[in-house]
Amino acid sequence: MSRPSLNLPWMVCCFVLMSSCFMGVFGITGQVWGHEMRPAVAQVTVTQSNIEIALRLTAETVLAGIDQSRVSDTNEAPEAVIYERLRALSDQALADLIKQRWPELQTGLLLVGAGAADLVRVDVIAEPNLDLPRDTLILLQAELAAGQGPVSFGWVAENGALVVRHGSGADAYAAFLEGGKMSAPLPRLDAMAETMGAVFLRFVMDGIEHIIPKGLDHILFVLGLFLFSRAWRPLLAQISAFTLAHTVTLGLATLSIITIPATQMWLVEALIAVSIAYVAIENILRPKMGWWRIAVVFGFGLLHGLGFASVLSELGLVQGQFILSLVAFNMGVELGQLGVIAVAFLILTLPFDRGSLHRNLVVIPVSVAIAMVGLWWAIERSFF
């Protein structure tokens with residue numbers, strides 16, 4: 001008995017429905033890479049009598065009053081116009097404004113076991129491209145409470161994520177804190193040791209989180225690989241090539257063997273978007289496995305590894321736990337990818353029989369939707 005064929009109106013309806021679902025689920029409202037907010041980094045030194053904090057942050061987001069616990073892009077914030085006005089200030093004017101408003105900004109810092117933090121120095125790092133965020137270095141100092149008790153540091157949720165580093169070597173402490181959370185108690189003189197197990201688990205979870213729910217571009221790329229074939233061998237070959245490639249560039253970039261200037265990261269992000277569109281289009285036009293598909297996936301994997309490295313560099317790696325953190329983060333990324341594949345199998349493959357019905361109803365409409373999203377991101381990241 002022959003399978004029922006799908007007529008053109010039915011396929012158009014399926015495509016519209018699937019495209020709408022993708023737009024709704026993934027919130028394709030557009031993100032400009034240069035306006036994505038990054039976590040601040042605090043290098044903390046604790047002596048017997050005081051705590052010194054070297055804070056590196058995008059000061060304009062804090063000065064503008066953007067609630068970074070609610071938005072991840074300055075363009076999405078109601079205070080976007082204020083941010084752009086502050087970004088247009090000269091470096092010296094921004095430094096002067098920070099000093100002027102320090103009593104107000106100081107209330108956003110959270111210190112337990114120490115007094116109020118005094119502003120020691122402000123250095124604004126020049127960034128002539130106004131479309132890119134500008135870093136500011138702020139040096140703070142506070143007196144510790146009497147006794148030998150430790151001190152903890154953090155800041156309010158509105159200021160966003162914060163990487164806290166304390167000490168150096170194998171016993172150093174490093175943590176990625178969501179806004180509003182405090183660091184572990186930091187003892188005086190010596191850094192607090194974080195067990196290898198705790199470091200490993202933390203970076204595994206960071207890797208998973210970078211895919212689910214934050215890595216929408218990586219999710220779409222993995223979905224594009226998954227839709228290429230229902231058979232497990234082509235999927236295994238593609239995932240293996242992708243994993244090997246992004247592991248190579250993740251390691252090389254994290255070790256600073258490969259370096260991409262911040263001003264050029266937009267190109268990496270744009271090419272990642274192109275990779276999403278390409279694999280989806282090839283699913284439609286050339287759905288047969290060959291060496292070319294593996295080579296292309298491997299090449300695109302190298303690009304995705306550079307994207308992973310930019311995230312890993314913000315998570316507070318310390319030299320004594322460098323390799324452990326790198327391996328754990330990569331393992332978390334792989335677990336996130338497997339999670340995407342498992343969900344896709346349950347939703348997009350298991351309910352359908354083999355043959356043209358699955359291809360016409362699932363593979364083609366979903367691949368078209370993925371390609372549209374990828375092309376839009378490529379244009380947006382290149383020109384806006």
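Does residue 233 count as assigned to a helix (DSSP H, G or I) and surrounded by fewer than 19 Cβ atoms within 10 Å (Cβ to Cβ)? For residue 233, the condition - assigned to a helix (DSSP H, G or I) and surrounded by fewer than 19 Cβ atoms within 10 Å (Cβ to Cβ) - is met. Screening 96, 123 for residues that are more than 24 Å from the chain's Cα centre (by Cα), part of a helix (DSSP H, G or I) and not hydroxyl-bearing (Ser, Thr, Tyr) leaves exactly one candidate, 96. Being charged (D, E, K, R) and in contact with a Pro (Cβ under 9 Å, 6 or more places away or on another chain) holds for only one residue in 85, 56, 38, and it is 38.
Once segment 182-201 is narrowed to residues that are modelled with pLDDT of 80 or more and within 25 Å of residue 108 (Cβ to Cβ), the residue that is surrounded by the fewest Cβ atoms within 10 Å (Cβ to Cβ) is 185.
Residue by residue through segment 229-251, note down the ones that are under 15 Å from residue 298 (Cα atoms) and more than 19 Å from the chain's Cα centre (by Cα).
The initial filter retains those residues of segment 229-251 that are under 15 Å from residue 298 (Cα atoms), namely 234-250.
234, 235, 236, 237, 238, 239, 240, 241, 244 - these are the residues of segment 229-251 that are under 15 Å from residue 298 (Cα atoms) and more than 19 Å from the chain's Cα centre (by Cα).
So that you can scan it fast, the table gives a plain yes or no per residue for (1) modelled with pLDDT of 85 or more; (2) of a type in the set (S, T, N, Q); (3) out of contact with any His (no Cβ under 9 Å at 6 or more places or on another chain); (4) at positive phi:
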| residue | (1), (2), (3), (4) |
| --- | --- |
| 34 | no, no, yes, no |
| 43 | yes, yes, no, no |
| 52 | yes, no, yes, no |
| 62 | yes, no, yes, no |
| 82 | yes, no, yes, no |
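The single condition among (1) within 20 Å of the chain's Cα centre (by Cα); (2) buried (at least 18 other Cβ atoms within 10 Å of the Cβ); (3) more than 30 Å from residue 383 (Cα to Cα); (4) not hydroxyl-bearing (Ser, Thr, Tyr) that residue 269 does not meet is (3).
Determine, yes or no, whether residue 51 is touching a residue at least 12 places away in the same chain (Cβ under 8 Å), buried (at least 16 other Cβ atoms within 10 Å of the Cβ) and under 16 Å from residue 161 (Cα atoms). Against the criterion (touching a residue at least 12 places away in the same chain (Cβ under 8 Å), buried (at least 16 other Cβ atoms within 10 Å of the Cβ) and under 16 Å from residue 161 (Cα atoms)), residue 51 does not qualify. Checking the stated criteria, residue 89 turns out not to satisfy the condition of being aliphatic (A, V, I, L, M) and in contact with a strand residue (DSSP E or B) (Cβ under 7 Å, 6 or more places away or on another chain). Evaluate the following for residue 209: is it at pLDDT 80 or above and of a type in the set (Asp, Glu)? Yes.
The C-beta contact set for segment 340-360 (first residue assigned to a helix (DSSP H, G or I), second residue aromatic (Phe, Trp, Tyr), distance under 8 angstrom, 6+ apart or interchain) comprises 340/226; 341/226; 344/226; 345/226; 348/226; 358/352.
The values are calculated or read from the model by the stated rules, or taken from the named source; none is laboratory data. Note that this is a predicted model, so its numbers are computed, not measured. When we count neighbours, we look across all protein chains shown, and the Cβ atoms used for this are built from the backbone with ideal geometry, even at glycine.
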